[in-house]
Amino acid sequence: MKATKINIWQSRFIIPALKDSFKKLNPVVMARNPVMFVVELVTVITTLIVVSDIFTGKNILFNLQISLWLWFTIIFANFSEALAEGQGRAQADSLKKNRSESMAKRLLSGGGSEVISALKLRKEDIILLEDGNTIPGDGEVIEGTALIDESAITGESAPVIRESGGDRSGVTGGTRVLSGKIKVRITANPGESFLDQMINMVEGAKRRKTPNEKALNILLIALTIVFVVVVTTFKYFADYAGVSVSLSVLIALLVCLMPTTIGGLLPAIGIAGMDRLLRYNFIAMSGRAVEASGDVDIVLMDKTGTITLGNRMATEFIPVDNESENELISAAILSSLADDTPEGRSIVVLAKEKLGIHGSDIRAPEGAVFCPFSAETRMSGIDCSDRKIRKGSLEAIREFVAAKGSPISDEIQKIVNDISKEGSTPLLVAQNEKILGAIRLKDVLKEGISGRIAKLRQMGIKSVMITGDNPLTAATIAAEAGVDDFVAEAKPSTKLDLIRSYQSKGHLVAMIGDGTNDAPALAQADVAVAMNAGTQAAREAANIVDLDSNPTKLLDIVEIGKQILITRGALTTFSVANDVAKYFAIVPAIFIAQYPQLKALDIMHLTSPGSAVLSAVIFNALIIPLLIPLALRGVRYKPSGVSALLRRNLLIYGLGGLILPFIGIKLIDAIIALFKMA
Amino acid sequence: MTSSDWLCVILLPFTTTALAFPLGEFMAKVFNGSKTFLSPVIAPLERVLYRLFGVDEKEEMSWQTYALCLIIFNIIGIIIVFILQIIQGKLPLNPQKLGSVWWDTALNTAVSFGTNTNWQSYSGEQTMSHLTQMLGLTVQNFFSAAIGITVIIALIRGFVRKSSGSIGNFWVDLTRSILYVLIPLVMIWSLLLVSQGVVQTFSGSVTAQTLEGSRQTIAVGPVASQEAIKEIGTNGGGFFNANSAHPFENPTPLTDFLEILGLLLVPMALPFTLGAMLKNRRQGAAIFAAMLILYLAGLGVFAWSEMQGNPLLQKVGVINGLNMEGKEVRSGIINSVLFAQSTTATSCGAVNSMHDSMMPLSGLVLMFNMAIGEVIFGGVGTGLIGMLSYAMLTMFLAGLMIGRTPELMGKKLELFEMVMSVIIILSPAILLLLLSGIAVTTRAGLASLGNSGPHGLSEIIYAFASTSGNNGSAFAGLNANTVFYNLTTSGAMLVGRFSTIIPALAIAGSLANKKIVPASIATFPTTGLLFILMLIGVILVVGALTFFPVFTLGPLLEHLLMMTGKMF
């Protein structure tokens, strides 16, 4: 849960990133980014112009500066991508550190075993792990139970239990067995594990563009084509007007107009989004899922484990028939001493609290015999010399006292009904034939869950709780947690049917699951988050794995997904809005000698035509590194009304993008004038 | 401005809106196949036509089939008009014994009328026989307008339908557009125009004795019927070369008003059809509002520019320097402005004044109206297509900025939709720049210029803006009846038309196939003021970025030079 943030602004990241920026100048690599590829193409032309200038000796200073700044533009763009990659690699390395050196004991099919390097493990290999072993790869426990320290991956210090057969059978490479002996079937070849997949997604060259990125790219390519046409025809219109425009000025105009800001930063935005997921201990199987998470409008949550702590806790003792509360409490304690279930323990805890006892100074009387909970009796209790104490459900206790000839009084019936009606579970405590009172067992909400659900609602996401409980209990928890809807008495197939029916109405559904039962529903959901502790089936069906196994973290995924999209949109708007100022800088500069009347368009009052063009090019180059921190961090997303959000982003990136370059270009022009560079 | 000027300016938007809303609702019913008040009369005729042509009314088409039927139908129409012109000398209804039309002019005219552009490089009364005018041009006036309607209806269905493989039946939509929408409106308009003195006769010309005693031949013909569809279908091709400045086409202030009303009516009604078919009338109203704001803003700049007058005219003693060149004195400045703004905002292209003679900044407004792709009401059908493409672009950005993958009216906008809408928005603009660029660098392109300097550039840009936007109005001054211009403008018209229609059908097909995402509080409302303003912003920015250099060198420079006393 704890976000471990890597500070990217250190020389150990910056220097390799700078080296990478030059390596990425390779046209084959550049071709992945059409906008910057065109920039590189025309920049090469400006370089050729400079070379020819060396022989003619004309304009060399101006053309050289243009050419250099255009190269900077490309390198800055490459730098942003390289930096994001570096950050991702560092993030992944910190997760990966423990896994590569470890050795594993592989069981041979003919019996016996051999010790091999973890890197040689293959899918379907079965390995034996004992106390202190590091788990060499992702896998599934097929035999045994073990206590596992997952802190290397999750940062959570409390160890967790992993056992075969249940919903807690998944183990991750890099974690450590604290105690226990387990057989694990390896489920991924080296290089194919979840983490390795994720690392691929932060490596620019291997990264596949997400659907939305592709669509945005089309827009950027279209803008590039338009501007190529605009600038090419511009030359002929200028010729018609009797003004000859030099090729390097035309190229400067073209690059300034092209969406280089967003085009240059686009890969970095996507990679940085993946970095952020990693930082939150998520492993995404596809970028598509991350994008879709921004669109999710319904989330299905299991009650148990997601909304509630998973165990019912005693919250109240209710004595009946004028019995004293103390007597009820002591009986309850005695009956629960041997009860190792979470419910039983919670009764002892509550009782001690009520009686003001600390420590473990409660002992059973001499010679007492414990009766543990059994499926037949459905009661637990204690047999002392003088009395028999039992606690259990209404039905079980009714049988117990009926055998001794006493019926259930109306008062007791009423208390039991009331507790049930409020969504809690009643337990009755009986001593011999007499019922002392009831204990209220209640589902306790996870801390902060209502707040998170309310936040989901603010984002426009409807939460639906799924539980096997009866409608009454479900309704109570639902109301308490503030979920928008619930499904009670759910069967394993309910989730899948529910997701399908929501999807057919056009909703995008997110689901969090861990059990094998959940796998079909996870595969159907648009955003499927599997708990890392969950079964292999669940993890394979999901498209995001949460290493912390913390279901409430869905909110973080949604936020990261939205942030990626917002950052893309904001920088596109910014990039396009910038063009207006560049036109006002360059176009009058070109014509002012021939048509002094066009001075009216020179609203920035730039020093000279040369300085105007150069200032625009420099601004266009510098804005990229200035925006790298924003691209890597992402535009802030605060759940609020969509209109307010859009208004805010339009003001900052639209209006800001319109105004800022006027100021920036004017400033750069002043500096150029100061140093007489043009 | 006089009080009658004010009356017109205020009355026009109100009257057109008041008529457009019920018409929009009516069209929604027609294309949903519901019963309307015209059904008892027209439905039997409709059924007869279907039986005659073997059309199954219930059959649904995929977008590809729909597009194929449309293209074949449109191309055949263009070929027929071409042949008619070539052989008109041998055909009846040719009282003036006009010979066959030159091939390049004939091709240009066929394309022009087939694409709802009605760019006329020829002089109507001296080139086309009555038969060509009626059987060729007027028929295409109906068909090209009807095709525009079918495409927008198909696109609207793309938004309305969910998980559907079809977008309607082209033949049914075509038949209904003509029978229920165009013919009734044209009948009303023709009668109103005839009542005001618009000519309608089969005779070729009348000879009159002038006061000076000389004889004058005055061309007449079946004008009123062509006049009505010219406006209703936003065609714009006049019977006479002078178009609606000609007293036989536009004799009175009332016909002037009616003609502006007519050319605005269907394009204005279609956003309401969208709202009605979506069952989200606020959505239709929002799109309409964006169009109306752009229309009124342009009108404001335009009127201001004309009322400023020309400082040079002021010097020679013209009151306020008001420029009346190219305008009918009987219309005056404001009526000319209203007509010109309406005819370029919609892709009609009919004119009641010569746009060439407007003030430079007025010319800028007119060119902008056309160059952004004819979306301010725009052509019948195609205008709303363009506007919806801009809306998709807007929502692509807006969607991103609120952190959702983009959607419009419940439909997700993905790669395919973006490619298609970008083609719709940008291909006319790219074409306009490329062809203008070729024109200014070739002798053939420059030879036709009537004026030099920035005004000459404006003439060329206007010609290609008008043809690539399928508007058809001319800036005049440019001799467009040359092989060079006949061919380049033909190309502009064809690309302008089909790069709108085919991608629009493709979008319709793709959208119809998608689910409808239910609106939630995380959905950006596309019915509010913020959406309207952002849509307008996107249109203005796209237009400005594409045309800043060329408009600077054309109208803007001309304006600045005029202020210093230089004219072209």
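The values are calculated or read from the model by the stated rules, or taken from the named source; none is laboratory data. Bear in mind that the values here come from a model prediction, so they are computed numbers and not experimental data. Every residue, glycine among them, receives a Cβ derived from its backbone with ideal geometry; neighbour counts consider all protein chains shown. Note: areas computed on protein heavy atoms with side chains; ligands, DNA, RNA excluded. Shrake-Rupley method; radii C 1.70, N 1.55, O 1.52, S 1.80 Å.
Start at zero, step by 5 Å, and the Cα-Cα distances of the stretch A:261-303 spread as 5, 18, 21, 23, 18, 9, 3, 2, 1, 0 percent across the bins. Remark: the residue A:432-residue A:103 segment gains 112.4 nm on full extension, using 0.36 nm per residue and subtracting the alpha carbon distance. For the stretch A:370-447, the square roots a ≥ b ≥ c of the C-alpha gyration tensor eigenvalues yield an a/c of 1.5 or more together with a/b not exceeding b/c, which makes the shape oblate. Neighbours of residue B:273, meaning other residues whose beta-carbon lies under 15 angstrom from its beta-carbon, give a summed charge of +4 when Lys and Arg score +1 and Asp and Glu score -1.
The ratio of the alpha-carbon radius of gyration of the protein assembly as shown to the globular-protein estimate 2.2 N^0.38 Å is 1.17. Ligands, DNA and RNA excluded, the heavy atoms of residue B:198 present near 10 Å² of accessible surface to a 1.4 Å solvent probe. Calculated mean residue ellipticity, 222 nm, chain B: -20500 deg cm²/dmol, from DSSP H runs (n ≥ 4) at -39500 (n - 2.57) each, averaged per residue and rounded to 500. Modelled spin labels at residue B:50 and residue A:19, positioned 7 Å past Cα toward Cβ, are 7.4 nm from each other. A straight Cα-to-Cα reach below 18 Å connects residue A:421 with the lysines A:442, residues fewer than 8 places away in its own chain not being considered. Here each label is just a point 7 Å from Cα along the line to Cβ, and for residue A:29 and residue A:183 those points are 4.8 nm apart. The stretch A:243-283 and the stretch B:298-320 have Cα centres separated by 46 Å.
Summarising the amide proton neighbourhood of residue B:404: residues at separation of 5 or more, or on other chains, whose placed amide H is nearer than 5 Å comprise an empty set. Straight-line reach from residue A:404: taking Cα to Cα under 16 Å and skipping same-chain neighbours fewer than 8 places apart, the lysines in range are A:388, A:391, A:434.
Among rounded, prolate and oblate, which fits chain A when a ≥ b ≥ c are the square roots of the eigenvalues of its C-alpha gyration tensor, a/c under 1.5 means rounded, and a/b larger than b/c means prolate? Prolate shape, in that a/c is at least 1.5 and a/b is the bigger ratio. Counting 0.36 nm for each residue step from residue A:386 to residue A:450 and taking away their Cα separation leaves a gain of 18.3 nm. By a 1.4 Å probe calculation restricted to protein chains, residue B:178 has an accessible surface near 30 Å², given to the nearest 10. At an R0 of 35 angstrom, the distance between the Cβ atoms of residue A:163 and residue A:484 translates into a FRET efficiency of 0.50. Spacing of the modelled spin labels on residue A:600 and residue B:3, each 7 Å from Cα toward Cβ, amounts to 3.6 nm. Largest accessible area first, the listed residues A:489, A:40 line up as A:489, A:40 when surface is computed with a 1.4 Å probe on the assembled protein chains. Put A:485, A:302 in order of accessible area, highest first, and with a 1.4 Å probe you get A:485, A:302. Our summary gives chain A a relative contact order of 15 percent, counting only alpha carbon pairs under 8 angstrom and 6 or more residues apart. Residues of the stretch B:505-519 that bury at least 30 Å² of accessible area when the other protein chains are present, relative to the chain alone (probe 1.4 Å, heavy atoms, ligands and nucleic acids excluded): B:515, B:518.
Ignoring lysines fewer than eight residues from residue B:230 along the same chain, the ones with Cα atoms less than 24 angstrom from its Cα are B:327.
The residue A:418 and residue A:659 beta-carbon pair, evaluated with R₀ = 56 Å, returns a calculated FRET efficiency of approximately 0.30. Building the convex hull from the alpha-carbon atoms of the stretch B:3-278 and averaging its projection over directions returns 16.9 nm².
Within the assembled protein chains, the solvent-accessible surface assigned to residue B:521 is about 110 Å², based on a 1.4 Å probe.
The interface between chain A and chain B buries about 4900 Å² of solvent-accessible area in total (1.4 Å probe, ligands and nucleic acids excluded). With a threshold of 26 Å on the Cα-Cα distance, the over-threshold entries among A:414/A:491; B:58/B:412; B:29/B:515; A:209/B:514; A:19/A:638; A:209/A:462 are A:414/A:491; B:58/B:412; A:19/A:638; A:209/A:462. Counting Cβ atoms of other protein chains within 10 Å of each residue's Cβ and taking the mean over peptide B:533-539 gives 2. In angstrom, the C-alpha Rg and Dmax of chain B are 22.8, 79.
Each Lys or Arg adds one and each Asp or Glu subtracts one; over the other residues with Cβ under 13 Å from the Cβ of residue B:340, this totals -4. The convex hull of the Cα atoms of the stretch A:586-658, projected and averaged over all directions, covers 6.5 nm².
Compared with the direct C-alpha span, the chain from residue A:247 to residue A:120 gains 39.9 nm at full extension, assuming 0.36 nm per residue. Of B:240, A:373, the residue with the largest accessible area leads and the full order is A:373, B:240 (1.4 Å probe). Take the Cβ atoms of residue A:94 and residue A:408, set R0 to 51 Å, and the FRET efficiency comes out at 0.25.
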